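A.B. asks: Before we start, here is the structure in question, set down as C-alpha cells.
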Ligand SMILES: [Zn+2]
Ligand SMILES: [Zn+2]
C-alpha cells in the first residue's frame, strides 16, 4: 500500500497542507491517473462523542451524531456541506454520545438507509430515537460481519459486532471499514478489548490506512492495533473530558509506534480525503500524545468541570490553585505565577465561583 500526502487537492473550503509523517513511504506526484473518485471524511469536533461525515460523488453518510449538545452543530455542519439527504445513517450503538446528535439529523434529512446494531435499550434517548424512526417509517437494518455496501466510488464493509449480548453495549458497536480504491478507513465505534478479541478471532481483515481509535481513545490492545496497522490515527474526544480519554496506555502505544495522530479535542474537526490512491489531510497531525485525566486533581476541580487538559491555546481562564484567583491569560500576574500553581481552565466561570474561586481585581475576568 502506498500513501501519498499531496497538497492542494482538497475540497474548496479547505486550506490544504501537506502532512508527511516521518518514516512514511512517500513518492513524488507524477500526474497519475486517479483510479477512482474521491472520498472525503470529516471527523467532526462534537466534544465527547463521535460523528463522522463521509462524502463520495455527492453521496453522504453520517456515522454517529455526537451527544445531545452537538446536535445542532452536526445538522448545521451537514447543511453547510450541502447535504440534502443521507444515503446512510449508521449509528454504531445507542449510547448518548453517538445517538443523540444523530436524532437531529434524522429529523432534518431524509435517510435512505438506516444502519444500527441489533439491540434495543430502555434509555430515554433511545425512546426518542425509536419515535422518530417510527414516525418516518424507516426500517433500520442490522448488518452482519462481512456485509458490504456501495457508497459513491467507495464501499464499506462491516467488521463488527461478531456477536451480540455483551453486558457492555459498547462491545455491540457496528464497526466498518470504508474503502476507496486503495485507501481504507477504520471506524469501530466504541468497541473495546472484548469485541477486539472477537474480531481478531474471526480472522477478518481489518488493515486500514487511517484508524479512528476505538471508544474515544480508550482501550486498544497491541495485537488489535497491529492488525489494523494504521499509518494515521484519529481520536475523537472532548477537551478536558472526565473519562480520561485518551487513555494513557493507548496514547503511549501510539507514540511508541510513531503513528501520526489527529485529535478533535486539540484540533477541532479533522478533514481527510482519498482519491483512491492518495490520502490528503487538511491539517497536520498534532502528534499530541498527552493522555486525558480522569476526574480532576481534586473534588472541587471535578465539580468545576474541565480544568485538566486545557492548555494556553484553548483555555478560557488561568487559575492560581494556591490563591484561588481567576485570571485572563493576558493578565500580568499569569506571567509571574508559579508553574506549580498555574492551571489552564476551559469552561464556565460560575462553576469556579461556586467552588470558592474569586476574580482577579486586575484583569477582571
Ligand atoms: Zn462513545
Ligand atoms: Zn459507547
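Since every read-out is calculated from the coordinates, none of them should be taken as a lab result. Values in this document were obtained by computation on a predicted structure and should not be read as measured data. A quick note on method: Cβ atoms are made from the backbone with ideal geometry, for glycine too, and the neighbour counts reach across all protein chains shown.
A.B. asks: Roughly how tilted is helix 96-108, in degrees to the nearest 10 and between 0 and 90, from the longest Cα axis of the chain?
C.D. replies: Helix 96-108 and the main axis of the chain meet at about 60 degrees.
A.B. asks: Quick check on packing: order 228-239, 151-162, 322-333 by the mean number of other C-beta atoms within 10 Å, highest mean leading.
C.D. replies: Numbers: 228-239: 23.9, 151-162: 22.3, 322-333: 16.0.
Put in order of decreasing packing, that is 228-239, 151-162, 322-333.
A.B. asks: Would you calculate a helix-derived [θ] at 222 nm for the chain, using -39,500 (n - 2.57) for each DSSP H run of n ≥ 4 and dividing by the full residue count, to the nearest 500?
C.D. replies: On the way: 10 runs with 81 residues, N = 365.
Dividing the helical sum by the residues of the chain leaves -6000 deg cm²/dmol.
A.B. asks: Find how much the distance from residue 202 to residue 72 grows on full extension, using 0.36 nm per residue of separation minus their present alpha carbon separation; answer in nm with one decimal.
C.D. replies: Values: separation 130, 0.36 × 130 = 46.80 nm, distance 3.86 nm.
Answer, rounded to one decimal: 42.9 nm.
A.B. asks: Which order do the peptides 266-273, 180-187, 129-136 take when ranked by the mean count of other beta-carbon atoms within 10 Å per residue, highest first?
C.D. replies: Working: 266-273: 20.8, 180-187: 24.0, 129-136: 14.1.
Averaged packing, sorted descending, gives the order 180-187, 266-273, 129-136.
A.B. asks: Also, I was wondering about something else. Out of the DSSP beta bridges found with both residues in the chain, what percent are antiparallel (nearest 5)?
C.D. replies: Details: 39 of 58 bridges.
So the antiparallel bridges in the chain amount to around 65 percent.
A.B. asks: On a 0 to 90 degree scale, rounded to 10, what angle separates helix 71-80 from the longest Cα axis of the chain?
C.D. replies: 60 degrees
A.B. asks: Report, in whole Å, the centroid distance computed from the Cα atoms of the range 73-122 and the range 331-359.
C.D. replies: 38 Å
A.B. asks: Classify the range 51-195 as rounded, prolate or oblate, taking a ≥ b ≥ c as the square roots of the eigenvalues of its Cα gyration tensor: rounded when a/c is under 1.5, otherwise prolate if a/b is larger than b/c and oblate if not.
C.D. replies: Working: a/c = 1.59, a/b = 1.03, b/c = 1.54.
Since a/c reaches 1.5 but b/c is at least a/b, the shape of the range 51-195 is classed as oblate.
A.B. asks: While we're on this one: Rounded, prolate or oblate for the range 160-279? Axes are the square roots of the Cα gyration tensor eigenvalues, ordered a ≥ b ≥ c, and the cut-off for rounded is a/c under 1.5.
C.D. replies: Details: a/c = 1.55, a/b = 1.07, b/c = 1.45.
It is oblate, given that a/c is not under 1.5 and a/b is not larger than b/c.
A.B. asks: Taking 0.36 nm per residue of separation and subtracting the Cα-Cα distance, what length does fully extending residue 353 through residue 137 add? Walk me through the numbers on the way to the answer.
C.D. replies: On the way: separation 216, 0.36 × 216 = 77.76 nm, distance 4.85 nm.
Contour length minus the Cα-Cα distance gives 72.9 nm.
A.B. asks: While we're looking at this one, here's another question. By how many degrees, 0 to 90 and rounded to 10, does the Cα axis of helix 193-202 deviate from the longest principal axis of the chain?
C.D. replies: 20 degrees
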